[in-house]
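What follows is a set of notes on a single structure, which appears directly below.
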Amino acid sequence: MVATARRIDPGTLPSNVFSAAYLPGDAAARMAALVICNGGAPTSQQALAAGVPVLGIATNLDQVLNMQAVTRTDAGLALRGDRTSAADVDRAAGRIMNDASFTTAAGTVATTFARYDTTARLGAFLSELFE
């Protein structure tokens, strides 16, 4: 699956590739074995919540910092967008796909995420803050 955000025309794709302007990230992640993204927190979180490893190709500082956290959990790999070739992406994706430890680590992160009711925690924090 490829989400273009209407920024690029992917051209002719192989028959096994689905392309759309936008995709529901959480649902797409649940169907994936690997999520390749810009390394930003929203897509990485959706992938990890689904127990799917992340290959982040980061170009902005926030993406680099987020991917540092992901790689510390061993749930993915990071590449720098300004220093990355198609061959680098292919190697990194292959490494993740061929090493089950990345999926195991992503599953551990998903289990941790599932223990937290973020809506309730945020509500309690805001209640304390504005009392």
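Bear in mind that the values in this text are calculations on the coordinates, not laboratory data. In this text the structure is predicted, and so the values were computed from the model without any measurement. As a convention, Cβ positions derive from the backbone with ideal geometry for all residues, glycine included, and neighbour counts pool all protein chains shown.
Can you name the number of the only condition in (1) under 13 Å from the mean Cα position of the chain (by Cα); (2) among the polar types (S, T, N, Q); (3) assigned to a loop (DSSP other than H, G, I, E, B) that THR12 fails?
The one condition THR12 does not meet is (1).
Sort out which residues of the stretch 2-41 are surrounded by 13 or more Cβ atoms within 10 Å (Cβ to Cβ) and not small (Gly, Ala, Ser), and write them in order of number.
Those that are surrounded by 13 or more Cβ atoms within 10 Å (Cβ to Cβ) and not small (Gly, Ala, Ser): VAL2, THR4, LEU23, ASP26, ARG30, LEU34, VAL35, ILE36, CYS37, ASN38.
Being among the aliphatic types (A, V, I, L, M) and either buried (at least 20 other Cβ atoms within 10 Å of the Cβ) or in a strand (DSSP E or B) (or both) is the filter here, so list the residues in the stretch 64-76 that pass it. Lay out the reasoning, then the answer.
Step one: of the stretch 64-76, the residues among the aliphatic types (A, V, I, L, M) are 64-65, 67, 69-70, 75.
If the condition is that a residue be among the aliphatic types (A, V, I, L, M) and either buried (at least 20 other Cβ atoms within 10 Å of the Cβ) or in a strand (DSSP E or B) (or both), then MET67, VAL70, ALA75 are the ones that fit.
Within the stretch 29-41, track down each residue that is under 17 Å from PHE113 (Cβ atoms), aliphatic (A, V, I, L, M) and part of a helix (DSSP H, G or I).
Passing the criteria: ALA29, ALA41.
Counting only residues that are farther than 28 Å from LEU61 by Cβ and within 19 Å of the chain's Cα centre (by Cα), give me the helices (runs of 4 or more DSSP H) lying completely in the stretch 77-131 with at least 3 of them. Lay out the reasoning, then the answer.
Values: elements: 86-98, 100-114, 118-129.
So the answer is 100-114.
Scan the stretch 42-63 residue by residue and report those that are surrounded by 15 or more Cβ atoms within 10 Å (Cβ to Cβ), in a helix (DSSP H, G or I) and hydrophobic (A, V, I, L, M, F, W, C).
ALA47, LEU48, ALA49, listed by residue number.
I need every pair where a residue in the stretch 59-87 that is in contact (Cβ under 8 Å) with a residue 12 or more places away in the chain and of a type in the set (Ser, Thr, Tyr) has its Cβ under 7 Å from the Cβ of a residue that is surrounded by fewer than 20 Cβ atoms within 10 Å (Cβ to Cβ) and part of a loop (DSSP other than H, G, I, E, B), sequence separation at least 6 or different chains.
THR59/ASN38
What pairs can you find where one residue is in the stretch 101-123 and at negative phi and surrounded by 10 or more Cβ atoms within 10 Å (Cβ to Cβ), the other is in a helix (DSSP H, G or I) and not small (Gly, Ala, Ser), and their Cβ atoms are less than 7 Å apart, with a gap of 6+ or different chains?
Going by the 7 Å Cβ cut-off, the qualifying pairs are PHE102/ILE96; ALA106/LEU48; VAL109/LEU48; ALA110/LEU48; PHE113/LEU48.
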